[in-house]
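Notes for the one structure printed next.
Any read-out appearing in this document is the output of simple, stated calculations on the displayed coordinates, not a laboratory observation. Quantities reported herein were computed from a predicted structural model and do not represent experimental measurements. A quick note on method: Cβ atoms are made from the backbone with ideal geometry, for glycine too, and the neighbour counts reach across all protein chains shown.
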Amino acid sequence: MSKVLVIYYSRSGNTQKMAELIGESIKKEGLEAAVKDVKDIAVNELLDYEGIVIGSPTYYGTMASEIKKLLDDSVKFHGKLEGKVGAAFSSSANIGGGNETTVLDILNAMLIHGMIIQGDPQGDHYGAVSIGLPDARVTKQCARLGMRVAKLIKRIAG
Ligand SMILES: Cc1cc2nc3c(=O)[nH]c(=O)nc-3n(C[C@H](O)[C@H](O)[C@H](O)COP(=O)(O)O)c2cc1C
C-alpha cells in the first residue's frame, strides 16, 4: 500500500489540525498516512514514502525555520525524491498575511527535488490555507487536498 508522510510544524495547534485533517482524508482514500511533527522526523524517512505533504505556519510570509531546516537537510537526498508526489499547506493570522507565499516556498523546494505537484482549479489553488484554526471551509480544503494527493499517487502507481 502506498504511504504518505504529512509533516507539520505548529506552535499553537492550527497547522497541526490541518495536518490531521489531511491525514484522515488520505486514509479515507485507502492509503497509509503518517502525520508527524517535524521534530520527530529524521530526514532519511523522506525516502520511505510515495507522497510528502508539508505544512507550516506562516512566519513573515514564509515557512518556519524548523521546516526550512528539514528541507535544507534534504539536500542529502538530492535527486532521490524525484517522482514522489508533494503538496503543502499553511496557517496564517491574516488574509493577505502570506499563507500562499508560504505554500509556494515549500512547493518550490519540492519542485527542485523533482517531485510531482498538482494544482487545484476548484479548491485552494496552491495547497490548503487557513486563517488561524481551520473553519468549515478549511476543513473541506484539507480533506480535498488529502484526497487529491492520494488519488494522484494511485493514478501514478497504476
Ligand atoms: C514569528 C511569527 C511570524 C508570523 N508571521 C506572520 C505573517 O507574516 N503573516 C501572518 O498572517 N501571520 C503571521 N504569524 C501568525 C501565525 O502564522 C498564525 O498565528 C498561525 O495560525 C500559527 O499557526 P500554528 O498554530 O500552527 O503555530 C506569525 C507568527 C509568528 C510566531
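Results for (1) under 18 Å from Ile153 (Cα atoms); (2) in contact (Cβ under 8 Å) with a residue 24 or more places away in the chain, shown as yes or no for each residue.
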{"residue": "Glu24", "(1), (2)": "yes, yes"}
{"residue": "Val38", "(1), (2)": "no, yes"}
{"residue": "Ile41", "(1), (2)": "no, yes"}
{"residue": "Glu50", "(1), (2)": "yes, yes"}
{"residue": "Gly55", "(1), (2)": "no, yes"}
{"residue": "Gln122", "(1), (2)": "no, no"}
Just to be sure before I move on: is Gly158 without any contact (Cβ under 8 Å) to a residue 24 or more places away in the chain, loosely packed, with under 15 Cβ neighbours inside 10 Å and out of contact with any Lys or Arg (no Cβ under 7 Å at 6 or more places or on another chain) in the structure I sent?
yes
Is there a residue being under 14 Å from the mean Cα position of the chain (by Cα), without any contact (Cβ under 8 Å) to a residue 60 or more places away in the chain and surrounded by fewer than 19 Cβ atoms within 10 Å (Cβ to Cβ) anywhere in region 131-141?
no
Restricting region 42-59 to residues that are hydrophobic (A, V, I, L, M, F, W, C) and away from the ligand (no atom under 16 Å from the Cβ), the residue that is surrounded by the fewest Cβ atoms within 10 Å (Cβ to Cβ):
Ala42
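Looking at region 93-104, which of the residues that are crowded, with 21+ Cβ neighbours inside 10 Å and touching a residue at least 40 places away in the same chain (Cβ under 8 Å) is nearest to the chain's Cα centre (by Cα)? Walk me through it before giving the result.
We begin by selecting, within region 93-104, every residue crowded, with 21+ Cβ neighbours inside 10 Å; these are 99, 102-103.
After this cut, where a residue has to be touching a residue at least 40 places away in the same chain (Cβ under 8 Å) as well, the list is 99, 102.
Working: Asn99: 13, Thr102: 11 Å.
So, considering only residues that are crowded, with 21+ Cβ neighbours inside 10 Å and touching a residue at least 40 places away in the same chain (Cβ under 8 Å), the one nearest to the chain's Cα centre (by Cα) is Thr102.
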Being over 24 Å from Lys154 (Cβ atoms), more than 15 Å from the ligand (Cβ to nearest atom) and of a type in the set (Gly, Ala, Ser) narrows it down to one of Ser91, Ser74, so name that one.
Ser74
